[in-house]
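The values are calculated or read from the model by the stated rules, or taken from the named source; none is laboratory data. The shown structure was predicted, so the numbers you read here are calculated from the model rather than taken from an experiment. Here the Cβ positions follow ideal geometry from the backbone for every residue, glycine too, while neighbour counts run over all protein chains shown.
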């Protein structure tokens, strides 16, 4: 083939390629819709679970020795995936925790129907007190309207109420630095409710909750740090009839003010 014939062949091949039945895919449009959800096991005496959205497993723990899924799951007081949000397409779902242990393996104990909207963040809570007869526990979903911080001198905090046998409460944060200013975090919140995010100076705080009209603390936790530019959810969990350990949250049914960062 001479030089002129070779060039003609290349041009012909280019034309045929341009006329292919497989056109180049247009990727200039918006990315696929996605929202985010995370999962808490705050059901008192509830077994360890894996969390599901319909039939899709959203959280699980892998055995470090052989790579097989562990039967431990997310235990009481824990949050799936270390508190990270999982991506999920918007739409209607039935969320639930399914028993991770060998006994009653994959039994659904906390089904809840909820609709996830495009681009929003949510938290799913197993809550209240586990019923050992029916093998069920309460559940609820709250939206997490997290926004990027604009003031990096403050932290943003809100209160979620997950104690079924406690009255509506208000969360307070008292600075451990003089003059020990106390901040009200949103307003009164009832069981399965979430308060508004409230900006407070970054620092270390002693937390407490009180019932309306009462000056007595219903729950306390000391020495909680809120870092500047971060967003937090403080959740009341446990059995309100069991006294707390103020300095920490344990894995028992004691009352606790759990502090988990949203971002």
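Please give the strands (runs of 3 or more DSSP E) falling wholly within the range 179-263 in which 3 or more residues are within 21 Å of residue 41 (Cα to Cα) and in contact (Cβ under 8 Å) with a residue 40 or more places away in the chain. If you could, list the steps in order and put the result at the bottom.
Numbers: elements: 182-189, 198-201, 203-211, 217-226, 231-237, 256-261.
Because the criterion is at least 3 residues that are within 21 Å of residue 41 (Cα to Cα) and in contact (Cβ under 8 Å) with a residue 40 or more places away in the chain, the strands (runs of 3 or more DSSP E) in the range 179-263 that meet it are 231-237, 256-261.
Against the condition within 18 Å of the chain's Cα centre (by Cα), assigned to a loop (DSSP other than H, G, I, E, B), assigned by TED's automatic domain parsing to the domain that holds residue 36 and surrounded by fewer than 18 Cβ atoms within 10 Å (Cβ to Cβ), how does residue 82 come out, does it pass?
Details: within 18 Å of the chain's Cα centre (by Cα): yes; assigned to a loop (DSSP other than H, G, I, E, B): no; assigned by TED's automatic domain parsing to the domain that holds residue 36: yes; surrounded by fewer than 18 Cβ atoms within 10 Å (Cβ to Cβ): yes.
No; evaluated as a whole, the condition is false for this residue.
Please verify whether residue 45 is on the phi > 0 side of the Ramachandran plot and at pLDDT 95 or above, treating the condition exactly as stated. Explain how you work it out, then say what you get.
Working: on the phi > 0 side of the Ramachandran plot: yes; at pLDDT 95 or above: yes.
Judged against the criteria, residue 45 is a match.
Those residues that are in contact with a strand residue (DSSP E or B) (Cβ under 6 Å, 6 or more places away or on another chain) and part of a loop (DSSP other than H, G, I, E, B), I need them from the range 148-176; list them, please.
162, 163, 164, 167, 168, 176
Scan the range 193-212 residue by residue and report those that are surrounded by 18 or more Cβ atoms within 10 Å (Cβ to Cβ), under 21 Å from the mean Cα position of the chain (by Cα) and within 22 Å of residue 129 (Cβ to Cβ).
Hit for the range 193-212 is 194, nothing else.
Any idea which of 146, 157 is at pLDDT below 95, out of contact with any helix residue (DSSP H, G or I) (no Cβ under 6 Å at 6 or more places or on another chain) and surrounded by 14 or more Cβ atoms within 10 Å (Cβ to Cβ)? Show your work before the answer.
Values: 157 fails: at pLDDT below 95.
Sole residue among the options that is at pLDDT below 95, out of contact with any helix residue (DSSP H, G or I) (no Cβ under 6 Å at 6 or more places or on another chain) and surrounded by 14 or more Cβ atoms within 10 Å (Cβ to Cβ): 146.
Regarding the range 106-114, can at least one residue be identified that is in contact (Cβ under 8 Å) with a residue 60 or more places away in the chain, surrounded by 12 or more Cβ atoms within 10 Å (Cβ to Cβ) and assigned to a loop (DSSP other than H, G, I, E, B)?
Filtering the range 106-114 for residues in contact (Cβ under 8 Å) with a residue 60 or more places away in the chain gives 109-110.
Applying the additional criterion that residues be surrounded by 12 or more Cβ atoms within 10 Å (Cβ to Cβ) yields 109-110.
Okay, now just the ones that are also assigned to a loop (DSSP other than H, G, I, E, B), so 109-110.
Scanning the range 106-114 turns up at least one residue that is in contact (Cβ under 8 Å) with a residue 60 or more places away in the chain, surrounded by 12 or more Cβ atoms within 10 Å (Cβ to Cβ) and assigned to a loop (DSSP other than H, G, I, E, B).
Take the range 48-67 and flag every residue that is more than 26 Å from residue 164 (Cβ to Cβ), at pLDDT 90 or above and assigned to a strand (DSSP E or B).
The answer is 56, 57.
Please find, among 70, 89, 33, the residue that is in contact with a strand residue (DSSP E or B) (Cβ under 8 Å, 6 or more places away or on another chain), surrounded by 11 or more Cβ atoms within 10 Å (Cβ to Cβ) and at pLDDT below 95.
Numbers: 89 fails: at pLDDT below 95; 33 fails: in contact with a strand residue (DSSP E or B) (Cβ under 8 Å, 6 or more places away or on another chain).
Result of the check over 70, 89, 33: 70.
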